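Mind having a look at this structure? Questions to follow.
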Amino acid sequence: MDALHNGPEPRYWEKVRTVADTLRELEGPIIIVSHVDPDGDAIGSSLGLARALKAMDKKVTWIADPPRFLRFLVKEDEYSEPIAQVPEGATLVVLDAAEPGRVAGAPVEGFVINIDHHGTNPRFGYLSVVDPSKAATAQIVKDLIDALGVGWTAEMATPVLTGLITDTGNFRFANTTPEVLHTAAELVGHGVKLAELTDRLQWRPVGYFKAMGAVLSTVGFHFGGLLVTAHMPSEVSVEDSDDFVGIIRYAEGSQIAVFLREREEGVKLSIRSRGGVSAQAVAVKLGGGGHVPAAGATLRGLTLDEAYPKVLAAVEEELRRVGYI
């Protein structure tokens, strides 16, 4: 686990200022991307930075595919389609992507700036600000926008606060530090309508609630209830299914929750943990990554029936490591 670099970045402010100075001086185009299957932090941090740089009259292209529950944040035609090649002279800014292989929308090439908070990030790019002690990449983006010196608006602050809200579980998770709450308060002070934002983030389509019933019918308990699992039945399809792992993780007595979804490329896993159990360690064993309390992986080429034994074996190893079994 030492190689995962989960500690804070000792040169954090120096690196933030270096990135801010670089972005301020750029005259060429800036392309902003994030990771595949973007969540609230990916969309919020990248959109917030894109809007800040546009306010500085930079030539910015934001490449994204916002999930349904986040599309209310985005203006029509504000985001662009993926590109096969980064134009010569352009700068690629990658946000919230734990590794180059997770980047969506553009190849990782040319002059790359890497901004992230995953402990598994290999610190790729010509410049990087990677600090796993931050609750969200949005928290780093907030500091970066401050360092850029651009005047804050509600349109910048709202997506950045969205990243903080979603990656802290509405300020319920253990990563909700005093620094996080102070940052959130500053963003609200920039004009965010907090009650409207938190309410809107919970909206889901009708099909989501029907799918929830099907998912909950698959719930299983393992290792005396320390692990709770569920999966998306093959006959069910719904957007924004990442929420389901957040529901099953509240099973009393559980220390780790895993939600499985069968996709064309294999089985995608969403993992959440508490009580000293590392979701990150489980994900890394299964070829993925993430944070200690929240991580994910994709078991490529496998079916649900083939994936479950591998998940159980990886979780059992982690539970034994921390002394639960």
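The values are calculated or read from the model by the stated rules, or taken from the named source; none is laboratory data. Note that this is a predicted model, so its numbers are computed, not measured. All Cβ positions, even for glycine, are placed from backbone atoms using ideal geometry, and neighbour counts span all protein chains on display. Areas reflect the complete protein model, heavy atoms only, side chains present, ligands, DNA and RNA absent. Shrake-Rupley method; radii C 1.70, N 1.55, O 1.52, S 1.80 Å.
For the range 1-110, what is the largest minus smallest coordinate of the Cα atoms on each principal axis, given in angstrom and ordered from greatest to least?
The principal-axis extents, from largest down, are 43, 33, 25 Å.
Counting only DSSP beta bridges with both residues in the chain, tell me the antiparallel percent, nearest 5. Provide the component values of the computation, followed by the final result.
Values: 22 of 44 bridges.
Approximately 50 percent, going by the DSSP bridge assignments.
At 0.36 nm per residue, minus the direct Cα-Cα distance, what do VAL206 and ASP37 gain on full extension? Give it in nm, one decimal, please.
The span from VAL206 to ASP37 would gain 58.7 nm if fully extended.
For the chain, modelled as a Gaussian network with Cα springs under 10 Å, which listed residue fluctuates most, LEU144, LEU312, LEU47?
Evaluated over the chain, the most mobile residue of the options is LEU312.
How would the range 152-210 be classified by its alpha-carbon gyration tensor: rounded, prolate or oblate, with rounded meaning a/c under 1.5 and the a/b versus b/c comparison settling the rest?
oblate
Among DSSP beta bridges lying fully in the range 12-140, give the percent that are antiparallel, nearest 5.
10 percent
Amide H of VAL129: which non-local residues (sequence gap of 5 or more, or other chain) have their own amide H closer than 5 Å, using H built in the peptide plane?
The list, which skips near neighbours in sequence, is ASN114, ILE115, ASP116.
Let me ask you something else. Over the chain, with a Gaussian network built from C-alpha contacts below 10 Å, which listed residue (THR22, THR158, THR120) shows the highest mean-square fluctuation?
The residue that fluctuates most here is THR22.
Further, regarding this structure: Build a GNM of the chain with springs between Cα atoms under 10 Å: which of GLU235, GLU88, GLU252 gets the top mean-square fluctuation?
GLU235
Let me check against my output: what whole-number percent is the relative contact order of the chain, with C-alpha pairs under 8 Å and at least 6 apart?
14 percent
Now, a different point. Please go through the residue pairs LYS210/LYS268; LYS142/LYS210; LYS58/LYS134 and name each one whose alpha carbons sit more than 30 Å apart in this structure. Don't skip to the answer; put the middle values down first.
On the way: LYS210/LYS268 21 Å; LYS142/LYS210 37 Å; LYS58/LYS134 27 Å.
Table pairs above 30 Å Cα-Cα are LYS142/LYS210.
Another question, then. Could you calculate the contour length gain from SER80 to HIS182, that is, 0.36 nm times the residue separation minus the distance between their Cα atoms, to one decimal place in nm? Don't jump to the answer; show the numbers that get you there.
Details: separation 102, 0.36 × 102 = 36.72 nm, distance 3.29 nm.
Roughly 33.4 nm would be gained on extension.
Could you look at the range 241-315 and say what percent of its accessible area is carbon and sulfur, using a 1.4 Å probe and all protein chains? Please report the intermediate quantities before stating the final value.
On the way: 1500 of 2910 Å².
Within the range 241-315, the accessible surface is 52 percent carbon and sulfur.
What list of ³J(HN,Hα) couplings, whole Hz, do you get for the range 308-325 from phi and the Karplus terms 6.51, -1.76, 1.60, once you set θ to phi - 60° and write x for glycine and proline?
4, x, 5, 5, 4, 5, 5, 5, 4, 4, 5, 5, 5, 4, 8, x, 7, 9
Please work out whether the chain counts as rounded, prolate or oblate from its C-alpha gyration tensor, where a ≥ b ≥ c are the square roots of the eigenvalues and a/c under 1.5 means rounded, while otherwise a/b larger than b/c means prolate and anything else oblate?
The shape class here is prolate.
Next question, about the same structure. Stretched out fully, how many nm does the piece from GLU317 to ARG17 gain, at 0.36 nm a residue minus the Cα gap? Please report the intermediate quantities before stating the final value.
Details: separation 300, 0.36 × 300 = 108.00 nm, distance 4.15 nm.
Net length gain for the segment: 103.9 nm.
Under a straight-distance cross-link criterion of Cα-Cα below 13 Å, which aspartates and glutamates are reachable from LYS285, leaving out those fewer than 8 residues away in the same chain?
Reachable aspartates and glutamates: GLU316, GLU317, GLU318.
Still on this structure, I have one more. So which chymotrypsin sites (Phe, Trp or Tyr not before Pro) in the range 99-134 pass both tests, a DSSP loop state and at most 13 other Cβ atoms within 10 Å of the Cβ? Intermediate results must be reported in sequence, preceding the final value.
Values: sites: PHE111, PHE124, TYR126; in loops: PHE124, TYR126.
Those that pass, being in a loop and sparsely packed, are TYR126.
Ok, one more. Calculate the translational D of the range 192-292 in whole µm² s⁻¹ from Stokes-Einstein, where the hydrodynamic radius comes from the Kirkwood formula applied to all Cα pairs, the temperature is 4 °C and the viscosity 1.567 mPa s. Numbers along the way, then the final one.
Values: Rh = 14.7 Å.
Here the translational diffusion coefficient equals 88 µm²/s.
Label the range 116-214 by shape, choosing from rounded, prolate and oblate, from the square roots a ≥ b ≥ c of the eigenvalues of the Cα gyration tensor; if a/c is under 1.5 it is rounded, and otherwise prolate applies when a/b is larger than b/c, oblate when it is not. List each step's numbers first, then the result.
Details: a/c = 2.01, a/b = 1.32, b/c = 1.53.
Here the range 116-214 falls in the oblate category.
Residue by residue through the range 17-27, what is 3J(HN,Hα) from phi via Karplus (6.51 cos²θ - 1.76 cosθ + 1.60, θ = phi - 60°)? Round to whole Hz and write x for glycine and proline.
5, 5, 5, 4, 4, 5, 5, 5, 8, 5, 10
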